[in-house]
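The values are calculated or read from the model by the stated rules, or taken from the named source; none is laboratory data. Everything numeric here is computed off the predicted structure, so don't read it as measured data. Counting neighbours? That spans all protein chains shown, and the Cβs are built from the backbone with ideal geometry, glycine included. Remember, those area values only see protein heavy atoms, side chains included, never the ligands or the DNA or RNA. Shrake-Rupley method; radii C 1.70, N 1.55, O 1.52, S 1.80 Å.
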Amino acid sequence: MKTLGIYVQVPFCQTKCTYCNFHTGVVSAARFAPYVQCVCEEIARHQELYVAASVALPAGIADAAVDTIYIGGGTPSLLDPAHLRRIVGAVRENFACELSEVTLEADPETVTKEKAAAWVAVGINRVSFGVQSFSDDELKAAGRMHRRADVYRAAATLRAAGIANISFDLIAGLPKQTRASWRESLDSLVELAPEHVSVYLLEVDEGSRLGGELLRGGKRYSAGDVPDDDEMAEFYETACSVLEAAGYEHYEISNWAKPGFASRHNLKYWRREPYLGFGAGAHSFSGTERWANAHDAAEYVNAVTAGRLPVEQHEALTAESALEEELFLGLRQLEGIDVARIEREYGVSLDSRFARLSSAGLIQRAGSVVRLAPGRVSVSNEVFVELMR
């Protein structure tokens, strides 16, 4: 029987970071309880809501054992622990559960001794921190609420509460970031020794205030102090070498883990395993279809209160699109993809696609396994574009 992942979206934050392009909002805490009520309602009634929204769950998915829950955002650590207890309880009550990993995304300044103890009591055994940087100047420029000292305090608080699986996020390319400050952030991270690390390059698009300013050539939000593309690539390569030396395994383009601590939930995304998303903007994948709820939290609450699921996107995958996902998501993993399996399952030959990439030194092949060539991970987007031609 397949296992199933559950994702719960909490689209609320204390403030909107300048680089953020997510559909999140700063709202009154009074809106938290009605939202949680609707999430629990969606979880409890998901099968009938799917039927009404013309979403078909394949045989076996409905009865699959849930082994991972990921509560993301936004900043779900803003919720009262009682709200988190209701959400996790709703999953337990409505699915067969064999939980091995229950993740909560948290901002360092929101962590308290009382909250940490309550999270453990709820069953949360993994916390993913939006650290982003250990430089106070960079954090201020990005509009973050926490400071370097908060990360150290929060990490110690979680350890004392018994959380043995902590993940840190860092962003390469923040305003005011330099080679020296980036190396200091990496060294501070290694000192605190989280079990898992994610490193993301700054995204530049119209979806964020900083991204829009950069595209317009403006100076607001410290846009004039953003490192250039070459510097960001260098920062990424530095992260690769520093984290490898510290004993982290690079298992996905943006992710590193100590042995045994790769994100079990996120691996489902890259391996195209089924997961169901609940809440505003949450995405789901059944193996044959992808769908997503409306991003607007108020619209989501109104719809669920009225007894319907506000599905905003719904796509039945074709064989061609599924194959592209196999290649794109598979090559994001450093272990690579099993070409023989994919060719067998999809009835295709991929030799011609891989031949030109191999001759360009972008990939390497060992038997039926193809992976990104060492040193080519930082230009992976170029590989993916070429692969899809």
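Output yes when any residue across the stretch 148-166 is touching a residue at least 60 places away in the same chain (Cβ under 8 Å) and under 23 Å from the mean Cα position of the chain (by Cα), and no when none is.
Going residue by residue through the stretch 148-166, those that are touching a residue at least 60 places away in the same chain (Cβ under 8 Å) are 165.
Retained after the next criterion (residues that are under 23 Å from the mean Cα position of the chain (by Cα)): 165.
Yes: the stretch 148-166 contains one or more residues that are touching a residue at least 60 places away in the same chain (Cβ under 8 Å) and under 23 Å from the mean Cα position of the chain (by Cα).
Would you mind telling me which numbered condition in (1) touching a helix residue (DSSP H, G or I) at 6+ places or on another chain (Cβ under 8 Å); (2) at pLDDT below 95; (3) closer than 18 Å to Gly130 by Cα Val26 fails?
(1)
So in the stretch 234-266, with the set limited to residues that are in a helix (DSSP H, G or I) and out of contact with any strand residue (DSSP E or B) (no Cβ under 8 Å at 6 or more places or on another chain), which one is least open to solvent (accessible area, probe 1.4 Å)? Even if it seems obvious, please write down each step before you answer.
Filtering the stretch 234-266 down to residues in a helix (DSSP H, G or I) leaves 234-245, 264-266.
Now restrict to residues that are out of contact with any strand residue (DSSP E or B) (no Cβ under 8 Å at 6 or more places or on another chain): 234, 237-238, 241-242, 245.
Working: Glu234: 66, Glu237: 73, Thr238: 38, Ser241: 65, Val242: 15, Ala245: 92 Å².
Here the answer is Val242.
So in the stretch 146-191, with the set limited to residues that are touching a Lys or Arg at 6+ places or on another chain (Cβ under 9 Å) and not in a helix (DSSP H, G or I), which one is surrounded by the most Cβ atoms within 10 Å (Cβ to Cβ)?
Ser167
Can you tell me which condition Met145 does not meet? The list is (1) modelled with pLDDT of 95 or more; (2) farther than 24 Å from Ser241 by Cβ, and all the others hold.
(1) is the only condition that Met145 fails.
Which one of Val226, Val204, Val151 is β-branched (Val, Ile, Thr), at pLDDT below 90 and touching a Pro at 6+ places or on another chain (Cβ under 8 Å)? Can you show your working first?
On the way: Val204 fails: touching a Pro at 6+ places or on another chain (Cβ under 8 Å); Val151 fails: at pLDDT below 90.
Of Val226, Val204, Val151, the one residue that is β-branched (Val, Ile, Thr), at pLDDT below 90 and touching a Pro at 6+ places or on another chain (Cβ under 8 Å) is Val226.
Which number in (1) among the aliphatic types (A, V, I, L, M); (2) open to solvent by less than 60 Å² (accessible area, probe 1.4 Å); (3) modelled with pLDDT of 90 or more marks the one condition that Ala316 misses?
Of the numbered conditions (1) among the aliphatic types (A, V, I, L, M); (2) open to solvent by less than 60 Å² (accessible area, probe 1.4 Å); (3) modelled with pLDDT of 90 or more, the odd one out for Ala316 is (2).
Please work out if Tyr70 is among the aromatic types (Phe, Trp, Tyr), assigned to a strand (DSSP E or B) and at pLDDT 95 or above.
Details: among the aromatic types (Phe, Trp, Tyr): yes; assigned to a strand (DSSP E or B): yes; at pLDDT 95 or above: yes.
Answer is yes for this residue.
Kindly check whether there is at least one residue in the stretch 305-312 that is of a type in the set (A, V, I, L, M, F, W, C), without any contact (Cβ under 8 Å) to a residue 40 or more places away in the chain and buried (at least 18 other Cβ atoms within 10 Å of the Cβ).
Step one: filter the stretch 305-312 for residues of a type in the set (A, V, I, L, M, F, W, C), giving 306, 309, 311.
Cutting the leftovers down to without any contact (Cβ under 8 Å) to a residue 40 or more places away in the chain gives us 306.
Now narrow it down to the ones that are buried (at least 18 other Cβ atoms within 10 Å of the Cβ): none.
No - not one qualifying residue is present in the stretch 305-312.
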